[in-house]
Amino acid sequence: MSTAPTSPAETAIERLTVDLDARSYDILIGGGLLADAGAHIKPVLRSDRVVVITDENVAQAGHLATLTQSLTAAGITSQAIVLEPGEQTKDFAHLERVCGELLEMGIDRKTALIALGGGVIGDLTGVCAALTLRGIDFIQVPTTLLAQVDSSVGGKTAINTPQGKNLIGAFYQPRLVLADTGVLDTLVPRELRAGYAEVVKYGVIDMPDFFTWLEGHGAALIDGDAAARREAILACCRAKARIVSADETEQGQRALLNLGHTFGHALEAEVGYGGGLLHGEGVAIGMVMALTLSARLGQCPGNDGARLAAHLAATGLPHDLSALDTSTWTTERLLGHMMKDKKTEGGELTFILARGIGGAFIEKAVPQAPVARVLEEFLSGQS
Ligand code: GLY
């Protein structure tokens with residue numbers, strides 16, 4: 001499928017930098033970048049050999065062929081590993097399989113991996129890159145909105161285990177991120193909306209003016225407004241680059257990017273990773289839960305939770321549990337998932353709360369009782 005940009009403004013390539021001393025790298029953002037990817041990737045390679053890791057949906061959309069052609073045109077030899085799409089691919093079995101295939105291909109320490117896909121492919125590829133031959137380079141070519149605004153930037157890589165989401169992994173930075181905004185045209189609407197939840201997250205964290213802008217432009221962005229998409233992706237990547245440059249390994253403020261994730265991951269774990277609840281959908285509901293918890297703890301006066309829920313509803317995202325079959329769910333089970341969260345310290349829950357839209361903060365040692373009450377409210381349909 002063609003991803004040809006439609007106006008000069010969309011083809012303009014924006015370059016941002018994640019500033020991490022020797023591990024600094026650029027994020028390139030623009031329409032039509034994939035067709036030129038080889039030329040952009042070549043300068044960061046240590047040899048002319050790469051292995052592209054992608055999934056069947058991305059390959060079927062034609063993006064693997066476009067990337068491969070551009071690599072060949074730039075004199076880069078490529079092989080590909082094409083995996084099944086979906087969150088289930090991010091597990092030990094696939095990690096073992098991909099690392100094994102890479103070794104069978106006879107890669108060496110100068111071979112780079114290219115993650116062509118969404119967050120699942122980016123995460124799995126990052127872990128493979130971090131482990132194989134004790135670490136080889138990798139490049140992120142995100143093809144979903146979620147990956148372009150969040151997961152491809154910042155070096156968090158992980159796989160899921162039966163114990164929970166993203167519990168095994170590494171901070172391992174890519175050498176380049178190449179975000180072609182044109183490829184978003186091939187995304188199914190549900191995936192695009194789910195990614196939009198992570199866009200909204202940046203507004204709720206510390207960009208209230210951006211949130212207001214999204215209230216005016218979010219629906220158009222989802223409907224395909226290329227200029228709005230580009231502006232939002234740029235704003236999010238600038239924010240992400242700023243936060244990661246200041247706190248690469250989440251000793252402090254980077255944790256703000258987990259807004260909505262403690263609740264969201266628990267919902268995802270309860271639904272199962274078969275596509276019943278996409279990550280971004282979990283984050284959308286989780287953000288409303290986080291603002292509700294903030295309000296119950298007396299931290300978030302006013303109607304900001306309702307304002308967030310209204311915006312999510314206006315853009316077709318869930319903001320409560322009404323679309324899920326929660327008949328067998330209990331607060332105890334959901335709390336059990338939360339206790340396995342990476343941010344739990346000494347058995348105490350950490351949450352990202354907010355004093356309002358744009359006023360997120362980290363709260364450690366949150367007692368379980370108010371969290372349980374918020375979960376009860378949502379399970380009984382009162383929120
Ligand atoms: N997705 C959250 C982070 O990168 O820190």
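Each reported figure results from applying straightforward, stated rules to the coordinates on display, with no laboratory input. Note that the structure is a prediction, hence the values are computed from the model and not measured. Using ideal geometry, Cβ is built from the backbone for each residue, glycine included, and neighbour counts are taken over all protein chains shown.
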_Considering only C-alpha atoms, what is the centroid distance from the range 58-86 to the range 103-153, in Å?_
13 Å
_Cβ-placed point charges (K, R +1; D, E -1), dipole of the chain about Cα centre in debye, nearest 20_ = 680 debye
*So what's the angle, to the nearest 10 degrees on a 0 to 90 scale, between helix 226-246 and the longest Cα principal axis of the chain?*
80 degrees
*Using only Cα atoms, tell me the angle between helix 368-379 and the longest principal axis of the chain; keep it within 0 to 90° and round to the nearest 10.*
80 degrees
*Let me know the Rg and Dmax you get for the range 156-308 when you use only its Cα atoms, in Å.*
15.9, 43
*Got a sec? Charge dipole of the chain, +1 on Cβ for Lys and Arg, -1 for Asp and Glu; which of HIS40, GLY276, ALA290 is way out at the positive end?*
HIS40
*asked:* Could you tell me the center-to-center distance, by alpha carbons, between the range 288-352 and the range 192-237 in angstrom?
replied: 21 Å
_Over all directions, how big on average is the projection of the convex hull of the alpha-carbon atoms in the range 66-205, in square nanometres?_
9.0 nm²
*Please determine, in degrees from 0 to 90 and to the nearest 10, the orientation of helix 189-206 with respect to the longest principal axis defined by the Cα atoms of the chain, where the helix direction is its Cα long axis.*
70 degrees
